[in-house]
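The values are calculated or read from the model by the stated rules, or taken from the named source; none is laboratory data. It should be emphasised that the depicted structure is a prediction, and the values quoted were computed from it without experimental measurement. Positions of Cβ are generated from backbone atoms using ideal geometry, with glycine treated the same way; all protein chains shown enter the neighbour counts.
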Amino acid sequence: MTASSASSPMSTTGGSEPLATLDAGSRAHLAAIAGRLIPEAHGMPSAAEVLTDDRVRFVLQARPDLVEPLRGALRVELGDDVQARLDALGRGDPAILGALHLVIVAGYYTDRRVRELIGYPGQLAIEVKSGAPSYLDEGLIDAVLARGPVWRDPVTGRRAEVAGAPRTYKERVWSTTAGSTQGGNDGGDST
Amino acid sequence: MASEPADVLIVGAGASGAVVALRLAEAGFRVVCLEQGDWHDLADYPGVRLDWELQQRKTWATSPNIRQLPEDYPIVEDSPVSPLMFNGVGGSTLIFAGAWPRALPSDFRVRSLDGVADDWPIDYFELLPYFYRTDRAFGVSALPGDPAYPPDTDEAPMPPLPIGSAGLKIARAHTRLGWHWWPEFNAINSTPYDGRRPCVQRSTCQSGCNEGAKASTDLTHWPKAIAKGARLITGARVRRIETNDAGLATGATWIDREGAERFEPASVVVLAANAIGTPRLLLLSASGRYPDGLANSSGLVGRRLMMHPFANVAGLFEEPLMSWQGQFGDLIESLEFYETDEKRGFVRGARWGLAPTGGPINTALPSRAGEQVWGPDHHLHVRTHLGHGANWGIFAEDLPDETNRVTLSTTVTDSSGIPAPEVHYSMAENARRMLDFHIERATESMLEAGAFKVEVDRLMRYSGWHLLGTARMGDDPETSVLDPWNRTHDVPNLYIVDGSCFVTSSGVNPTSTIAAIALRAADHIVESRFNQQVPA
């Protein structure tokens with residue numbers, strides 16, 4: 001039941017060698033800009049060092065739509081002065097500047113060493129533990145219940161008064177099984 | 001094509017369309033659904049891959065104007081808020097966060113209680129049995145007993161998901177402040193449920209759940225509906241709803257992937273294409289009999305669009321919270337300031353939902369933190385933000401305004417040549433005051449919890465997740481498009497079951513309420529089938 005294929009827009013593979021679209025001059029501009037935006041400091045490497053061909057290739061293969069705006073950001077007419085180039089893009093073409101930022105940041109923060117240095121292991125799969133949550137034992141739910149109903153009674157227009165409303169969680173039945181593990185149907189239709 | 005016309009033709013395979021399809025298929029109806037998108041496999045979703053944050057900004061972006069996939073249609077935006085949606089089997093449930101709060105009792109009585117907007121023709125308590133049924137069908141993890149709602153008689157299908165270090169920190173702060181908080185109701189499995197795996201806290205819910213733990217209707221409803229005989233046609237872009245001389249809907253003309261025009265006949269038509277797609281289709285279906293668009297004798301089709309103006313209040317904490325993890329559907333919520341207090345200078349209120357904060361690419365790029373994130377201090381910026389944040393998302397109730405509307409573009413079309421929708425929307429002064437008040441209170445919440453800095457996005461552009469109100473229900477055909485059972489006043493065999501039907505927006509994520517209303521409408525279709533007018 002999947003629509004994906006190698007040529008699908010959902011594919012993460014772009015052109016076979018996106019770096020071929022960047023000449024040496026463009027690569028030099030990219031390195032200079034990367035080093036300016038994310039320099040070596042505070043124990044972290046510069047993006048100029050991190051953005052190897054492998055990293056740039058990874059980004060552009062994942063996002064082939066970034067190739068053209070990147071080429072636009074690195075075009076020779078914008079000169080050799082990094083800050084002047086960034087200022088010109090910010091004034092005249094913020095979308096292209098945004099694409100340039102994204103290529104540099106994505107290349108940098110998908111690098112294994114950088115991720116280790118910032119203590120980011122990636123989005124982990126963490127098992128949800130069963131059992132009563134600690135905030136119940138800590139009394140945090142009881143504190144909410146002790147203040148009584150919060151909802152506004154649509155008949156009176158005032159904060160609701162509910163006779164016998166539980167003021168602690170122990171007054172409720174805590175069910176760890178919490179009903180069936182089957183979603184069942186939507187109806188209960190008897191016809 | 002089917003050998004026999006469908007009893008019911010549904011347009012759109014998202015939350016509401018799936019609910020209706022399953023209910024009717026179980027009741028023995030011949031159901032056909034036309035969906036312009038396609039199926040997606042769990043392996044399609046980028047959350048498990050290194051390029052996750054890159055894909056979330058393009059192929060899996062929530063805005064169709066950014067994604068620009070073949071199945072998307074462009075939206076012309078005259079609005080500070082971009083409408084968000086997904087076109088595929090499961091619709092926007094594929095990319096929604098999974099938060100599952102219900103509208104509150106006062107939400108259905110806004111005119112009576114606060115003298116603004118309109119009352120609904122139905123109320124919370126009438127919907128309650130449907131909430132219970134949809135909670136089970138979608139699979140909801142929750143701690144029962146939230147005193148922000150009337151007492152429940154049903155327990156939640158699953159125990160609550162963890163609230164995380166950030167949630168615990170804020171919960172303690174609200175205990176000190178004497179403010180409401182509660183673990184969020186999420187349509188995300190905390191345990192194995194209905195053949196689906198539990199959540200693994202990866203936090204990539206908004207680009208599809210690789211575990212199948214989040215309740216998207218391609219998993220929760222469509223396989224069951226198809227097993228009961230429903231026929232789901234993908235790659236089917238509906239151009240118009242056709243009507244006969246008697247004014248009854250006869251089916252839909254649609255365009256297939258090869259560009260060929262087809263017709264699907266049906267006895268009853270149900271629109272479930274969201275509050276932009278549905279009015280677009282009604283306006284596209286104008287005819288000699290219905291010159292202003294189908295079901296539009298009130299002139300309200302497309303009007304009263306509501307999208308919940310959204311602010312984000314982020315607290316930064318010294319200690320690591322690992323806040324890139326956790327269900328994105330929200331860790332906890334607060335409804336402390338949900339109800340009207342006129343001393344605040346506005347009516348109605350907002351819900352707060354505490355969410356994870358994203359990965360390093362999102363953290364490193366310019367954002368509400370400002371544009372100056374570059375240079376040597378870039379590294380300090382990332383260190384202080386990544387995994388150290390807690391975000392209150394604030395959903396402000398959006399009151400209906402007829403000038404906030406969906407129209408048809410005269411210049412922009414989709415890839416099939418069908419006019420694109422134009423969205424004209426501005427935020428009302430009441431909502432601006434509401435957001436300002438809530439931002440101040442949410443800032444207090446963060447500071448009480450120990451945040452050393454609070455950063456605010458006062459109106460987030462890409463936040464139009466909740467599309468509501470463009471074909472409101474009501475008792476009077478002159479002031480509403482739908483009757484209280486979601487049937488159009490003008491066309492007795494045409495139903496609208498998506499968020500278009502909302503009379504007011506509430507201040508909560510609407511999918512739970514949309515699903516409950518859709519199920520109620522489906523029950524009505526079943527119960528009234530022997531009295532239903534159908535084309536000859």
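Here are the criteria: (1) among the aromatic types (Phe, Trp, Tyr); (2) out of contact with any helix residue (DSSP H, G or I) (no Cβ under 8 Å at 6 or more places or on another chain); (3) in a loop (DSSP other than H, G, I, E, B). Tell me which single one residue B:86 does not satisfy.
All conditions pass for residue B:86, except number (2).
Considering the stretch B:130-142 alone, what residues qualify as being surrounded by fewer than 23 Cβ atoms within 10 Å (Cβ to Cβ) and touching a strand residue (DSSP E or B) at 6+ places or on another chain (Cβ under 9 Å)?
Of everything in the stretch B:130-142, nothing turns out to be surrounded by fewer than 23 Cβ atoms within 10 Å (Cβ to Cβ) and touching a strand residue (DSSP E or B) at 6+ places or on another chain (Cβ under 9 Å).
Just wondering, is there one or more residues in the stretch B:356-371 that are among the charged types (D, E, K, R), without any contact (Cβ under 8 Å) to a residue 60 or more places away in the chain and farther than 20 Å from residue B:166 by Cβ?
Kept after step one, since they are among the charged types (D, E, K, R), are these residues of the stretch B:356-371: B:368, B:371.
Narrowing further to those that are without any contact (Cβ under 8 Å) to a residue 60 or more places away in the chain: B:371.
This time we only want the ones that are farther than 20 Å from residue B:166 by Cβ, so: B:371.
Yes - at least one qualifying residue is present in the stretch B:356-371.
For the stretch B:1-27, what are the residues that are assigned to a loop (DSSP other than H, G, I, E, B) and in contact (Cβ under 8 Å) with a residue 60 or more places away in the chain?
At the first step, the residues of the stretch B:1-27 found to be assigned to a loop (DSSP other than H, G, I, E, B) are B:1-5, B:12-14, B:27.
Result: B:1, B:2, B:5, B:12, B:13, B:14, B:27.
Counting residues that are not aliphatic (A, V, I, L, M), which helices (runs of 4 or more DSSP H) fully inside the stretch A:35-105 reach at least 2? If you could, list the steps in order and put the result at the bottom.
Details: elements: A:47-50, A:53-62, A:67-73, A:82-92.
Because the criterion is at least 2 residues that are not aliphatic (A, V, I, L, M), the helices (runs of 4 or more DSSP H) in the stretch A:35-105 that meet it are A:53-62, A:67-73, A:82-92.
Keeping to the stretch B:164-196, report how many residues are under 13 Å from residue B:141 (Cβ atoms) and more than 8 Å from chain A (Cβ to nearest Cβ).
Of the residues in the stretch B:164-196, 7 are under 13 Å from residue B:141 (Cβ atoms) and more than 8 Å from chain A (Cβ to nearest Cβ).
Quick check on residue B:60: is it crowded, with 23+ Cβ neighbours inside 10 Å and either within 10 Å of chain A (Cβ to nearest Cβ) or of a type outside the set (A, V, I, L, M, F, W, C) (or both)?
Values: crowded, with 23+ Cβ neighbours inside 10 Å: yes; either within 10 Å of chain A (Cβ to nearest Cβ) or of a type outside the set (A, V, I, L, M, F, W, C) (or both): yes.
Here the answer is yes, as residue B:60 does meet what is asked.
Where residues in the stretch B:382-397 are in a strand (DSSP E or B) and closer than 18 Å to residue B:454 by Cβ, which of them is farthest from the other protein chains (Cβ to nearest Cβ)?
Looking at the filtered set, the residue picked out is B:393.
Those residues that are more than 23 Å from residue B:303 (Cα to Cα) and part of a strand (DSSP E or B), I need them from the stretch B:253-288; list them, please. Step through it out loud before you land on a result.
Taking the stretch B:253-288 and keeping what is more than 23 Å from residue B:303 (Cα to Cα), we get B:253-268.
Passing the criteria: B:253, B:254, B:255, B:261, B:262, B:263, B:264, B:265, B:266, B:267, B:268.
Do the conditions hold for residue B:161, that is, is it within 22 Å of the chain's Cα centre (by Cα) and either in a helix (DSSP H, G or I) or at the interface with chain A (Cβ under 10 Å from one of its Cβ atoms) (or both)?
Numbers: within 22 Å of the chain's Cα centre (by Cα): yes; either in a helix (DSSP H, G or I) or at the interface with chain A (Cβ under 10 Å from one of its Cβ atoms) (or both): yes.
In short, yes.
Has the stretch B:66-80 got any residue that is in a helix (DSSP H, G or I) and modelled with pLDDT of 95 or more? Outline the logic, then answer.
Looking only at the stretch B:66-80, we keep the residues that are in a helix (DSSP H, G or I), and these are B:66-67.
In the following step, the residues that additionally are modelled with pLDDT of 95 or more were identified as B:66-67.
Yes, that holds for at least one residue.
How many of the residues in the stretch A:131-173 are within 25 Å of residue B:192 (Cα to Cα), in a loop (DSSP other than H, G, I, E, B) and facing chain B (nearest Cβ under 7 Å)?
The qualifying residues number 2.
Is it the case that some residue within the stretch B:344-353 is closer than 23 Å to residue B:438 by Cβ, more than 10 Å from chain A (Cβ to nearest Cβ) and at pLDDT below 95? Lay out the reasoning, then the answer.
First, pick out the residues of the stretch B:344-353 that are closer than 23 Å to residue B:438 by Cβ: B:344-353.
From what's left, more than 10 Å from chain A (Cβ to nearest Cβ): B:344-348, B:350-353.
Filter again for at pLDDT below 95, leaving none.
No.
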